[in-house]
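Heads up: the structure comes next, in structure tokens.
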Amino acid sequence: MSPPLPTSLPVPKTHKLYIGGEFPRSESGRSYALTRPGAKRAYAQLCLASRKDLRAAVDAARAAQAGWAARSAYNRGQILYRMAEMIEGRADSWQTLLRSGLGHSAAQAARALAATVDALVYYAGASDKYPQIIGAVNPVAGPHHNFTTPEALGVVGLVFDDGPDPAASAARIAAAIAAGNTVVALLPGPAGGLVAEFGEAFATADLPAGVVNLLSGDAAELAPQFASHMEIQGLAFLRDEPARRIEVERAAADNMKRCVASHGPLLALERVLDFVEYKTVWHPIGT
């Protein structure tokens, strides 16, 4: 009778970045462990993104932005809804991450997953409606029509808090891309555990490559690079760090980048308007 096989040691999964529709490792080769509070073993190894990874993500977002903005608002809404469907369809995988990797209880995990899906569905519905609510026919003197309409700002950077909140992350990403922007998001610390699940869902949801790019890593290292990068037109610094927020806002002001903080409700048209600009057109009457 052959001896029993030795018990194998668990091998933590390595979660990669999500850039340009692909799943590369960090070019630096650095990583850090995702360990559930109170656990003795790491749930996964996360890539520690570098400045070069950020530049690659911005390049992908810039290349995708014009094509994404040119799609109809209705089509962007369809894709956002499909993103929600894909996350809902991966419920078992999400439950495993939230409970085994991030320390949620079963009830907390169920609520977090439902809120994440709801956030994507909300902005899917808003994508073809907010221009009608925000746009205007302006009263003017003289024989002209005057119209104001919102347009995408461009590439948007999102720097999230370390605390993993999938619903908040989904809401901010969805609000930005609903308007035709593309996104580079940093989910630092334990929040980096969300990158793989979001990436797997987005990659199979008809979302064009480069529209959403996700990095895990260190906010202290990369937030200043988000603020100073000339190809990022808007930045949401979503961390409760007043001193660092001031530094980021000053750096963003040097290159005329719009910078917003974390105030306000997650599910609201105001989140879409954080990263739109307004175009006003004059047209002669009778021509």
The percentage of Cα-Cα pairs in the chain separated by more than 28 Å is 38 percent
Output ordering of 230-238, 110-118 (per-residue mean of other Cβ within 10 Å, highest first) is 230-238, 110-118
For LYS52, the lysines lying under 16 Å Cα to Cα, once residues fewer than eight places off in the same chain are dropped, come out as LYS16
Calculated from DSSP helices alone, with each H run of at least 4 adding -39500 (n - 2.57) and the total divided by the residues of the chain, [θ]222 nm to the nearest 500 comes to -13000 deg cm²/dmol
Expected sort for 72-78, 162-168, 57-63 on mean C-beta neighbours within 10 Å, highest first, is 57-63, 162-168, 72-78
For the range 155-162, Karplus-derived ³J(HN,Hα) couplings (6.51, -1.76, 1.60; θ = phi - 60°; whole Hz; x for glycine and proline) come out as 8, 10, x, 10, 10, 8, 6, 5
For the chain, the accessible surface attributable to carbon and sulfur atoms (probe 1.4 angstrom, ligands and nucleic acids excluded) amounts in percent to 54 percent
Sorted on mean Cβ neighbours within 10 Å (highest first), peptides 137-143, 84-90 come out as 84-90, 137-143
Answer in debye to the nearest 20: the dipole magnitude of the chain about its Cα centre, from +1 Lys/Arg and -1 Asp/Glu charges placed on Cβ, is 380 debye
Extension length gain for ALA243 and ILE133 (0.36 nm per residue less Cα distance), in nm, is 36.0 nm
Between VAL281 and ALA114, Cβ-based FRET efficiency (R0 41 Å, step 0.05) works out to 0.50
Once THR280, THR148 are ranked on solvent-accessible area with the largest value leading and a 1.4 Å probe, the list reads THR280, THR148
For LYS13, counting only aspartates and glutamates whose alpha-carbon sits under 17 Å away and dropping same-chain residues fewer than eight positions off, the answer is ASP92, GLU197, GLU200
For the chain the mean separation of alpha carbon contacts under 8 Å (6+ apart) over residue count, i.e. relative contact order in percent, is 24 percent
Note to self: with every protein chain in place and a 1.4 Å probe, the chain gives an accessible area per residue in Å² of 47 Å²
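The values are calculated or read from the model by the stated rules, or taken from the named source; none is laboratory data. For clarity, every value in this text was computed on a predicted model and none was experimentally measured. When we count neighbours, we look across all protein chains shown, and the Cβ atoms used for this are built from the backbone with ideal geometry, even at glycine. Just the protein is used for accessible areas: all its heavy atoms, side chains included, with ligands, DNA and RNA removed. Shrake-Rupley method; radii C 1.70, N 1.55, O 1.52, S 1.80 Å.
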